[in-house]
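Here's the structure, in structure tokens; my notes come after.
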Amino acid sequence: TYPFLAFSPVFLIFTGFIFLGEMPNIWGLFGIFLTTAGAYILNLGGASDFFAPFRAVAKEKGSLIMLLVSFLWSFAATFDKVALLDSSPYFYLFIFNASFFLFYIPFLQKKNPGFIREAKNFFFPLLLLGTFAGLTVLFQMIALEVAFVSYVIAIKRSGMIVTLIFGWLFFAEEIDFYRIAGTLMMVSGVIIIAFLN
């Protein structure tokens, strides 16, 4: 199912055009498709059957749902840009995260009444994690202000390359031909998006 998440930049070409009037040029489209294909190959997990996830759609409900998730994410990213263009990256992120926090706390309290005590025990690691997560989303919103949403999300997907390298460095995970090919395709796609459109 996971390879289908790679398709959100492709869906974003359409949602970005419909809601924002954004249409990448031919080089931009090629870069998006190259990055998406690379992400798809990376997410195959070394499986040699390239079309297995597509065949699974007809048989497995989970595959179809994951494809739907990828489609819905294309709307979410587009609406992120609509919201921040009508306000600012900082204001939008503050309102979004404060609302999410206030909405989520009652459910967390009900599920695990001792979560505040547990959080205190891991205060500094959680603070570090929260800081990096917050900066990640902030940089994404700033990028959305100045670039096509389909470009930003395609480049965001290339973060899988860092995950691949860290998996190899820290967990001795194997890097096979498919992962190398997927990585090279993603890097090529990012370079094309950055310099040829």
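The values are calculated or read from the model by the stated rules, or taken from the named source; none is laboratory data. Remember, it's a predicted structure, so these values are computed and weren't measured experimentally. All Cβ positions, glycine included, derive from the backbone under ideal geometry; neighbour counts span all protein chains shown. With ligands, DNA and RNA removed, areas are computed over all heavy atoms of the protein, side chains included. Shrake-Rupley method; radii C 1.70, N 1.55, O 1.52, S 1.80 Å.
Brief remarks on what is shown
So that you can scan it fast, the table gives a plain yes or no per residue for (1) hydroxyl-bearing (Ser, Thr, Tyr); (2) in contact (Cβ under 8 Å) with a residue 60 or more places away in the chain; (3) under 26 Å from residue 194 (Cα atoms):
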residue	(1), (2), (3)
72	no, no, yes
120	no, no, no
126	no, no, no
153	no, yes, yes
162	no, no, yes
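- Under the condition of being of a type in the set (A, V, I, L, M), assigned to a helix (DSSP H, G or I) and over 18 Å from the mean Cα position of the chain (by Cα), the residues counted in the stretch 172-190 number 3.
- Any hit, the stretch 118-125, residues being of a type outside the set (D, E, K, R), open to solvent by 80 Å² or more (accessible area, probe 1.4 Å) and not in a helix (DSSP H, G or I): yes
- Lone qualifier among 95, 105, 175 - being free of Cβ contacts under 8 Å to residues at least 24 places away in the same chain and under 21 Å from residue 37 (Cα atoms): 175
- All positions within the stretch 69-87 that are open to solvent by 90 Å² or more (accessible area, probe 1.4 Å) and farther than 14 Å from residue 149 by Cβ: 72, 86
- For beta carbons closer than 6 Å, sequence separation of 6+ or different chains, a first residue in the stretch 3-17 that is under 26 Å from residue 49 (Cα atoms) and open to solvent by 10 Å² or more (accessible area, probe 1.4 Å) and a second that is at pLDDT below 95 and of a type in the set (Val, Ile, Thr), the qualifying pairs are 10/36.
- Assessment of the stretch 127-144 against the conditions (among the aromatic types (Phe, Trp, Tyr), open to solvent by 80 Å² or more (accessible area, probe 1.4 Å) and part of a loop (DSSP other than H, G, I, E, B)) yields no matching residue.
- The set of residues from the stretch 24-61 being under 30 Å from residue 82 (Cβ atoms) and open to solvent by 90 Å² or more (accessible area, probe 1.4 Å) comprises 26, 27, 30, 33.
- Unique residue being in a helix (DSSP H, G or I) and either open to solvent by less than 60 Å² (accessible area, probe 1.4 Å) or among the polar types (S, T, N, Q) (or both) when the list is 164, 169: 164
- Verdict on residue 157 being among the basic types (Lys, Arg), over 29 Å from residue 23 (Cα atoms) and open to solvent by 20 Å² or more (accessible area, probe 1.4 Å): no
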